[in-house]
Amino acid sequence: MTVSILFFVLAAAALTAALGMLLSRNPVTSALWLILNLFCVAGLYLTLNAEFIAVIQVLVYAGAIMVLFLFVIMLLNLASLPDLKRIEWKRIISFMLGMGLLAMLTFIIAHALDVMPDPLSLDLAAETGSASSLAKVLFTQYAMIFEVIGILLLAATIGAVVIAKRKPV
Amino acid sequence: MEITLNWYLTLSALLFTMGVLGFLFRRNVIIMLMSIELMLNSVNLTLVALSQSMGDSAGQVLVFFVMSVAAAEAAVGLALIIAIFRNKLTVDITKINLFKY
């Protein structure tokens with residue numbers, strides 16, 4: 001029951017954050033909406049009992065990639081930063097209340113329609129999503145691909161530095 | 001009431017559609033890149049939901065690889081944007097036509 005309510009809250013927030021990313025004029029606001037979306041998806045991974053992927057999602061996506069995006073936006077000086085001195089609590093609280101209402105309505109409609117086939121078996125899912133069982137597969141069956149990903153990341157790092165470097169004229 | 005696989009698949013389809021719309025309609029190159037991240041993210045959600053419902057770890061290993069490739073793609077893409085911005089002083093996709101003529 002808790003998981004289903006959590007699902008609807010997170011799904012509503014994720015969809016609204018994606019819409020906010022699409023519709024906002026300012027690139028910085030857009031990036032912040034996307035970060036909210038990534039956090040919501042990490043919460044959805046937790047509702048699926050995939051805790052390792054949820055942690056990696058927050059670390060890699062929300063932590064690394066989005067910082068890179070914000071850094072480039074500020075480097076290119078595309079947008080004025082949002083004014084941090086006045087945090088609009090009214091808008092934040094109304095956003096959260098709206099998300100709660102949307103989640104509640106979706107939950108009630110889904111409950112009324114009752115369109116639910118096979119439920120996920122939770123014990124099996126918790127066993128599959130844990131870091132240790134993933135590591136067993138990752139370092140045995142997929143060890144080769146893991147190494148290749150390392151080389152890919154090295155190549156991407158060097159390539160990014162070379163491309164972004166100022167050319168001597 | 002149990003949340004089932006279909007809900008996760010529907011949600012990720014909606015998120016993917018929003019990513020496609022953002023890629024097609026926005027003209028800022030950085031927001032287009034962010035839409036690509038949104039699409040990759042929704043695909044990851046599909047993979048994790050299917051992997052958890054089938055009890056198979058392979059889908060989550062694939063998600064791990066997709067995240068690495070997304071990080072590499074974001075780094076190189078943003079470097080390209082910086083290089084183009086130095087020449088054209090814009091990130092508007094309609095004004096960047098380096099291959100024309």
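The values are calculated or read from the model by the stated rules, or taken from the named source; none is laboratory data. What you see is a predicted model, and the numbers here were worked out from it, not measured in a lab. We place every Cβ from the backbone using ideal geometry, glycine too, and count neighbours over all the protein chains shown. Note: areas computed on protein heavy atoms with side chains; ligands, DNA, RNA excluded. Shrake-Rupley method; radii C 1.70, N 1.55, O 1.52, S 1.80 Å.
If the requirement is being at the interface with chain B (Cβ under 8 Å from one of its Cβ atoms), surrounded by 21 or more Cβ atoms within 10 Å (Cβ to Cβ) and in contact (Cβ under 8 Å) with a residue 60 or more places away in the chain, which of these qualifies: A:Ala18, A:Ala11? Give the derivation first.
Numbers: A:Ala18 fails: in contact (Cβ under 8 Å) with a residue 60 or more places away in the chain.
Being at the interface with chain B (Cβ under 8 Å from one of its Cβ atoms), surrounded by 21 or more Cβ atoms within 10 Å (Cβ to Cβ) and in contact (Cβ under 8 Å) with a residue 60 or more places away in the chain holds for just one of A:Ala18, A:Ala11, which is A:Ala11.
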Output for the stretch B:70-84, where each listed residue is β-branched (Val, Ile, Thr) and at the interface with chain A (Cβ under 7 Å from one of its Cβ atoms): B:Val76, B:Ile81, B:Ile82
Selection within the stretch B:47-64 - touching a helix residue (DSSP H, G or I) at 6+ places or on another chain (Cβ under 6 Å), free of Cβ contacts under 8 Å to residues at least 12 places away in the same chain and open to solvent by 20 Å² or more (accessible area, probe 1.4 Å): B:Gly55
Tally, over the stretch B:24-40, of residues that are in contact with a Phe, Trp or Tyr (Cβ under 7 Å, 6 or more places away or on another chain) and facing another protein chain (nearest Cβ under 10 Å): 3
Check on B:Gly55, more than 7 Å from every other protein chain (Cβ to nearest Cβ) and in contact with a Ser or Thr (Cβ under 8 Å, 6 or more places away or on another chain): no
Breaking point among (1) more than 28 Å from A:Gly129 (Cβ to Cβ); (2) in a helix (DSSP H, G or I), for B:Met18: (1)
Given (1) within 7 Å of chain A (Cβ to nearest Cβ); (2) more than 16 Å from the chain's Cα centre (by Cα), number of the condition B:Met67 does not satisfy: (2)
Pairs, first in contact (Cβ under 8 Å) with a residue 12 or more places away in the chain and closer than 21 Å to B:Val76 by Cβ in the stretch A:55-67, second among the β-branched types (Val, Ile, Thr) and open to solvent by 10 Å² or more (accessible area, probe 1.4 Å), C-beta under 7 Å, six or more apart: A:Ala62/A:Ile35; A:Met66/A:Ile35
